[in-house]
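The values are calculated or read from the model by the stated rules, or taken from the named source; none is laboratory data. Source: prediction; values computed, not measured. Cβ placement follows ideal geometry from the backbone for every residue including glycine, while neighbour counts extend to all protein chains displayed. Accessible surface areas use protein heavy atoms only, side chains included; no ligands, DNA or RNA. Shrake-Rupley method; radii C 1.70, N 1.55, O 1.52, S 1.80 Å.
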Number of protein chains: 2
Amino acid sequence: MRFCVIGAGSGGRAFAAYLSSKGHPVNLYNRSYTRICVIKKKGGIKAKGELKGFFPIDLITQNLELALNKVDIILIVTPASAHKSIAKKIAPYLSNDQIIILNPGRTFGAVEVQKIITEERGYFPIFIVETQTLMFTCRQLKKNKVKIVKIKKSVDFSAFPDKHTFFINDTLNEVFPQLNPVENYLQMTLNNIGMLLHPTISLLNASAMDYGRKFKFYVEGATSRTCEILEALQMEFRKILAKLDLKQINFCEWVEKSYGFKAKSIYHAIKEIKAYENIFAPKQLITRYFTEDIPTGLVPMASLGEFLEIPTPIINSVINLSSILCGIDFKKEGRTVNNLELIDYIRKQMKVEDILEIQESQKTQIDA
Amino acid sequence: MRFCVIGAGSGGRAFAAYLSSKGHPVNLYNRSYTRICVIKKKGGIKAKGELKGFFPIDLITQNLELALNKVDIILIVTPASAHKSIAKKIAPYLSNDQIIILNPGRTFGAVEVQKIITEERGYFPIFIVETQTLMFTCRQLKKNKVKIVKIKKSVDFSAFPDKHTFFINDTLNEVFPQLNPVENYLQMTLNNIGMLLHPTISLLNASAMDYGRKFKFYVEGATSRTCEILEALQMEFRKILAKLDLKQINFCEWVEKSYGFKAKSIYHAIKEIKAYENIFAPKQLITRYFTEDIPTGLVPMASLGEFLEIPTPIINSVINLSSILCGIDFKKEGRTVNNLELIDYIRKQMKVEDILEIQESQKTQIDA
């Protein structure tokens, strides 16, 4: 199998090195030259950590057409907020039966990419998959280097539409045995953990980050009282999932699965995660914590809440204030059940009585 | 004239000393003993600053009935969030034609006190006044001391109902020549400056305050980006005032009036106010900045916005997140046009076409 990795940040480098280590030919694409110039000069990536060594890359390029030529699997390893523009750029060069994997998809990543490819190419036989989280804990280093701190043992994924999931699993399993198929796409994509912590902790430390003060993002930035807002946010997510008969993987469950210990609250969990201990806050306010996690996490959840008639005052409050801070209309820019035309898809997951109730209430509003 | 000062914090002490300095008999009441025990022992207050010296106080007591006996003017000098309970406690001991002054009233303070006294005593000939801001810049010191940094030159006030304002002005002017009557009560009470800065700056520094980190509240806590939220908040206030044909006194105008310089934005104004330079943030999260300014400032504004059908997403966002942080349902606890039965009063200030439009829209909602 031949791979194309889109994005040469830490995650893209880790993927490219990993695939090369398994003997697969890899093309590595990056939009800007600075991130790939040394990789190109050296002909490959130098990894440290769980995966060590120099790993040759077949093609290192800023040319998407070349990067995508004759590949079987396309790994998109960029902030989810870039999925839209990447989908548009790759659409002309896609060929039948390619598999696109979003690492990770955040909420509704595969739907967004699917929709754009259909707009650009019409119906097109292609498979789109999103993972729940990045497969590596890694850090980009200078030149052509990457530090792969950890290759995760189990990473959930699902295709959209999800009838493709098990078929794709057979293909992927050989290369990525850690990928774990999730039958229901909504079950996976709505359990996006990134949107829970990042924007809200940033908001409650907004002045310090904007002032450029050095502090530990989780240790100092997530106090017992500010974690109450995370609990309230999680409760809103839970109500949305429950309305769709989906199970919420709450933060404490996720921590137990990922880090192997039990905690009684989000606050206690955050305080005990060793990996969080030395993470410093970004020294600027506007980062992916807002620009990625809001439009591809909180905004889709808010739109789903609105469609299901579940009030989401806390989600909305975080979106509203962050929009002003960043000067971006996230509700307009972000993924929603309306702009992704997901309403019929969501209805299939709903109980008949809930559909009828919402139809009735919408009818009343229109009459009024 | 005989005075009663309720509250022996910095403001109450400043008032008591000021009135004593003018030769008026003063009773000083405080709920807790610790604040008044040394004053009682010494028989008066020791002031430094613009007003200097020892000022005897006639009666220093925890007994409200005694404190209110035969006084002409009652000065309430407590956080506005305490007005409700104080009104209830003083009601039984009030006598005809007394003047109650709330220092300051925040938004709708006089309405709230008026309503409670009417509930407790039925119709009762009394005058209730609120000031826009505290008449003194002062700091409580240990024992029986107070530092009066500044006696302000001009402080707006208005009675509720405002037909009493000019009549009361004649009485008050002799003692408080700096009091400046404002003809329209709503014009004054809706231009409450405290609600603009305190809760939002606290919210955007919530983690640091909860963590107990030492930082300068305005210098570090109000950055250019976080001040964008203050501008957005102010814009929502402006729309509400405009709908009632009232003039907003925006922050820059207020700064020019209070501090004598022009600034082009809230951010620039805050940075140039000398008095703000060395103010440190409270080393705990839950303070008057939330518990006073939200229920007696942002909540009434949000309720007025809702009544006037003016969206207030930013006000609501600050209230929602602060409610979770403090564990207090501010929308339920705070002053609103509904719980103060102010709707008819507000209507008198509205244009006929706006009243008709809102009636029409409410009718449609009820039909639905």
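For the reader, a short list of remarks on this structure follows.
- In sequence order, the range B:89-95 has phi-based couplings of 6, 7, 3, x, 9, 6, 10 Hz under the Karplus curve 6.51 cos²θ - 1.76 cosθ + 1.60, θ = phi - 60°, and Gly or Pro positions carry x.
- Residue-by-residue Karplus 3J(HN,Hα) for the range A:37-45, coefficients 6.51, -1.76, 1.60, Hz, glycine and proline x: 4, 6, 4, 5, 4, 7, x, x, 10
- Close amide-amide hydrogen proximity is noted between B:Ile60 and B:Leu28, each under 5 Å apart and 5 or more residues distant or on a separate chain (H modeled in the peptide plane; Pro and chain starts excluded).
- Qualifying aspartates and glutamates (Cα of each under 13 Å from Cα of A:Lys216; at least 8 residues distant if same chain): A:Glu277
- Pseudo-label separations to other copies for B:Lys48 - Cα-to-Cβ vector, 7 Å, nm: 5.8
- The equivalent ellipsoid of the range B:1-128 has semi-axes of 25, 14, 13 Å, largest first, where each one is the square root of 5 times an eigenvalue of the Cα gyration tensor.
- Local electrostatic count, A:Ser81, Cβ distance below 13 Å [Lys/Arg +1, Asp/Glu -1]: 0
- Annotation: amide H-H contacts under 5 Å for A:Asn180 (H modelled 1.01 Å from N, sequence separation of 5 or more, or interchain): A:Val155, A:Asp156, A:Phe157.
- Extension gain for the segment B:Lys88 to B:Ser224, taken as residue separation times 0.36 nm less the Cα-Cα distance, is 44.7 nm to one decimal.
- Among A:350-358, A:82-90, A:33-41, the order from most to least packed when residues are scored by Cβ within 10 Å on average: A:82-90, A:33-41, A:350-358
- Mean Cβ count within 10 Å, highest first, over the residues of peptides B:92-102, A:63-73: B:92-102, A:63-73
- Estimated distance in nm for a label pair at B:Thr171 and A:Cys37, the labels positioned 7 Å out from Cα along Cα-to-Cβ: 8.0
- Base-10 log of normalised Debye intensity for the range A:287-368 (one unit scatterer per alpha-carbon) at q = 0.11, 0.17 Å⁻¹: -0.34, -0.73
- log10 of Debye I(q)/I(0), alpha-carbon scatterers only, for the protein assembly as shown at 0.08, 0.10 Å⁻¹: -0.75, -1.01
- Once the partner protein chains are put back, the range A:206-250 shows a loss of at least 40 square angstrom of accessible area, versus the chain by itself, at A:Ser207, A:Asp210, A:Tyr211, A:Arg213, A:Glu220, A:Thr223, A:Arg225, A:Ile229 (probe 1.4 Å, ligands and nucleic acids excluded).
- Across the identical copies, the label point of A:Lys153 (7 Å from Cα in the Cβ direction) is separated from its matches by 7.3 nm, in order from shortest.
- Backbone phi angles across the range A:68-77, fed through the Karplus curve with coefficients 6.51, -1.76 and 1.60 (θ = phi - 60°), yield HN-Hα couplings of 8, 5, 6, 8, 8, 10, 10, 9, 9, 10 Hz in residue order; Gly and Pro are listed as x.
- Here chain B exposes an accessible surface that is 50 percent carbon and sulfur, computed with a 1.4 Å probe and the other protein chains kept in place.
- Per-pair calculated FRET efficiency, R0 = 41 Å: B:Gln365 and A:Ile279 via Cβ, rounded to 0.05: 0.25
- Test item: Cα-centred dipole of the range A:38-134, Lys/Arg +1 and Asp/Glu -1 on Cβ, debye: 540
- Working note: Cα atoms of the range A:78-181, range along each principal axis, descending, whole Å: 41, 31, 23.
- Each of A:Leu102, B:Ala208, A:Pro92 was scored by the projection of its Cα onto the charge dipole of the protein assembly as shown, and the greatest displacement toward the positive side belongs to B:Ala208; charges sit on the C-beta of Lys, Arg, Asp and Glu.
- Projecting the Cα positions of A:Trp254, A:Ile324, A:Ile310 onto the charge dipole of the range A:248-327 (unit charges on Cβ atoms of Lys, Arg, Asp and Glu, taken about the Cα centre) puts A:Trp254 furthest along the positive direction.
- Quarter of the Cα convex hull surface for the range A:261-332, i.e. its orientation-mean projected area (nm²): 6.4
- Chain B shape via C-alpha gyration tensor axes, a/c threshold 1.5: oblate
- Applying D = kT/(6 pi eta Rh) to the range A:179-261, where Rh is the Kirkwood radius over alpha-carbon pairs, T corresponds to 4 °C and eta to 1.567 mPa s, the Stokes-Einstein value obtained is 90 µm²/s.
- Calculated on the alpha-carbon coordinates, the convex hull of the range A:208-340 measures out at 113 cubic angstrom per residue.
- Helix-only mean residue ellipticity at 222 nm for chain B, each DSSP H run of n ≥ 4 adding -39500 (n - 2.57), per residue, nearest 500: -12500 deg cm²/dmol
- A simple spin-label model places pseudo-atoms 7 Å from Cα toward Cβ; at B:Asn339 and A:Asn63 they are separated by 7.0 nm.
- Rg/Rg_globular for the range A:199-244, with Rg_globular taken as 2.2 N^0.38 Å and Rg from C-alpha atoms: 1.41
- Selection from A:Phe217, A:Met195, A:His164 lying farthest towards where the dipole of the range A:157-244 points positive, charges on Cβ: A:Phe217
- Stretchable slack from A:Glu256 to A:Glu272, in nm (0.36 nm times residue separation minus alpha-carbon distance): 4.6 nm
- Summary for A:Ile358: label point 7 Å along Cα→Cβ; distances to the equivalent points in the other copies, ascending, 3.3 nm.
- For chain A: relative contact order, % (alpha-carbon pairs under 8 angstrom, 6 or more apart): 13
- Model label points for A:Ser265 and A:Glu357, set 7 angstrom from Cα along the Cα-to-Cβ axis, are 3.0 nm apart.
- With N counted as the residues of the range B:109-230, its alpha-carbon radius of gyration over 2.2 N^0.38 Å works out to 1.37.
- Peptides ranked, highest mean first, by Cβ atoms within 10 Å: ranges B:116-129, A:192-205, A:302-315: A:192-205, A:302-315, B:116-129
- Placing unit charges on the Cβ atoms only, positive for Lys and Arg and negative for Asp and Glu, gives the range B:8-77 a dipole magnitude near 340 debye about its Cα centre.
- For A:Gln140 and B:Asn96, a Förster radius of 56 Å and the Cβ-Cβ distance give a FRET efficiency of 0.10, rounded to the nearest 0.05.
- Charges were assigned to the Cβ only: +1 to each Lys and Arg, -1 to each Asp and Glu. The resulting dipole of the range B:205-298 about its Cα centre is roughly 160 debye.
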